[in-house]
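The values are calculated or read from the model by the stated rules, or taken from the named source; none is laboratory data. What you see is a predicted model, and the numbers here were worked out from it, not measured in a lab. FYI the Cβ positions are ideal-geometry reconstructions off the backbone, even for glycines, and counts take in every protein chain you see.
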Amino acid sequence: MAKIIDGKTISAQIKEECKARVAELKTQGITVCLAVIQVGTDPASTVYVGNKKKACEYIGIKSLSYELPEETTQAKLLDLIEELNGRSDVNGILVQLPLPAGIDEDAVIRAIDPRKDVDGFHPQNVGALCIGQPGFVSCTPAGIIQLLKRSGIAIEGKECVVVGRSNIVGKPMALLLLRENGTVTVTHSRTKDLKAVTKRADILVVAIGKPKFITAEYVKKGAVVIDVGIHRNEQNKLCGDVDFETVEPLCSAITPVPGGVGPMTIAMLMHNCVESVSIG
């Protein structure tokens with residue numbers, strides 16, 4: 001039986017650590033403040049923003065909420081970001097993605113002061129990660145490293161395969177595994193004989209956005225499997241990029257969906273918000 005890596009428990013530990021640090025900062029007269037900007041009313045985005053606000057409230061982080069209408073122009077959004085960049089009482093700025101059509105996401109990400117970029121998406125923070133310098137790290141990959149470490153899973157010297165090369169998960173994930181001295185391969189839609197590559201993995205991280213794509217024939221016996229995907233199946237139940245039922249019996253450890261990687265993203269966002277006090 002595979003060990004089920006419990007993201008709910010580990011994310012709760014990180015939140016408690018953040019809460020203690022925020023309380024300590026308050027005794028020094030320091031308040032941590034996160035500004036969250038949402039443009040439009042995308043239902044999934046509204047849920048995510050609500051969860052971020054709840055997490056801030058629990059930990060003691062002040063949250064400023066900017067809910068802008070769908071028709072907001074890029075210029076108006078950039079003006080708001082510039083204003084928040086200049087505010088000394090705001091430590092972190094988060095623009096909820098995706099943005100409506102007609103707004104250039106790249107321009108918006110670049111507009112955020114890298115010292116307030118708690119999502120870790122700014123090119124300066126991505127570059128810092130590439131060369132091993134301090135900076136904010138994208139929350140989902142950072143959360144996966146914490147899942148592995150806090151579950152007692154060694155990364156050093158392990159064969160690590162990342163399936164997917166997105167800027168938000170795949171690429172930073174590979175860099176973080178490399179930083180932990182893993183031997184890393186990144187696979188993608190053009191990879192030849194994907195099964196042969198994934199079957200080498202001691203640690204397999206799957207982030208491709210295809211429900212139940214990774215089945216038993218992709219996985220080596222005893223591997224650790226981290227499933228980043230989240231989808232609804234025909235029965236409206238949540239599932240991941242990994243076919244849990246067929247893969248779990250082969251693994252030494254695996255993340256479930258839900259309750260695996262998902263809770264870690266907001267926990268690491270809270271961690272980044274607390275860190276922003278010393279970076280800012």
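Quick rundown of the values:
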item	result
Which numbered condition ARG190 fails, given (1) over 26 Å from ARG87 (Cβ atoms); (2) not assigned by TED's automatic domain parsing to the domain that holds GLY222	(2)
Count - residues of region 225-265 that are at pLDDT 95 or above, of a type in the set (A, V, I, L, M) and within 23 Å of the chain's Cα centre (by Cα)	9
Test: residue in region 54-69 that is within 18 Å of the chain's Cα centre (by Cα), surrounded by fewer than 16 Cβ atoms within 10 Å (Cβ to Cβ), free of Cβ contacts under 8 Å to residues at least 24 places away in the same chain and outside any strand (DSSP E or B)	yes
Output for region 176-197, where each listed residue is assigned to a helix (DSSP H, G or I), closer than 19 Å to LEU147 by Cβ and in contact with a strand residue (DSSP E or B) (Cβ under 8 Å, 6 or more places away or on another chain)	LEU177, LEU178
Close pairs from region 235-261: first touching a residue at least 60 places away in the same chain (Cβ under 8 Å), partner of a type in the set (D, E, K, R) and not in a loop (DSSP other than H, G, I, E, B), Cβ under 6 Å, at least 6 apart	ASP241/ASP227; ALA253/LYS3; ILE254/GLU248; THR255/ASP227; GLY259/LYS8
Residue list for region 115-134, filter: crowded, with 20+ Cβ neighbours inside 10 Å and free of Cβ contacts under 8 Å to residues at least 24 places away in the same chain	HIS122, ASN125
Residue list for region 160-197, restricted to those being closer than 19 Å to LEU250 by Cα and either acidic (Asp, Glu) or surrounded by 23 or more Cβ atoms within 10 Å (Cβ to Cβ) (or both)	CYS160, VAL161, VAL162, VAL163
Residues of region 1-18 satisfying the condition of being buried (at least 17 other Cβ atoms within 10 Å of the Cβ) and at pLDDT 95 or above	ILE5, ASP6, GLY7, ILE10, SER11, ILE14, LYS15, CYS18
All positions within region 151-170 that are outside any loop (DSSP other than H, G, I, E, B) and more than 10 Å from ALA207 (Cβ to Cβ)	GLU159, CYS160, VAL161
Residue in region 162-183 that is under 20 Å from LEU269 (Cα atoms) and of a type in the set (Asp, Glu) present	no
Within region 155-202, tally of residues that are without any contact (Cβ under 8 Å) to a residue 40 or more places away in the chain and either over 20 Å from the mean Cα position of the chain (by Cα) or at positive phi (or both)	15
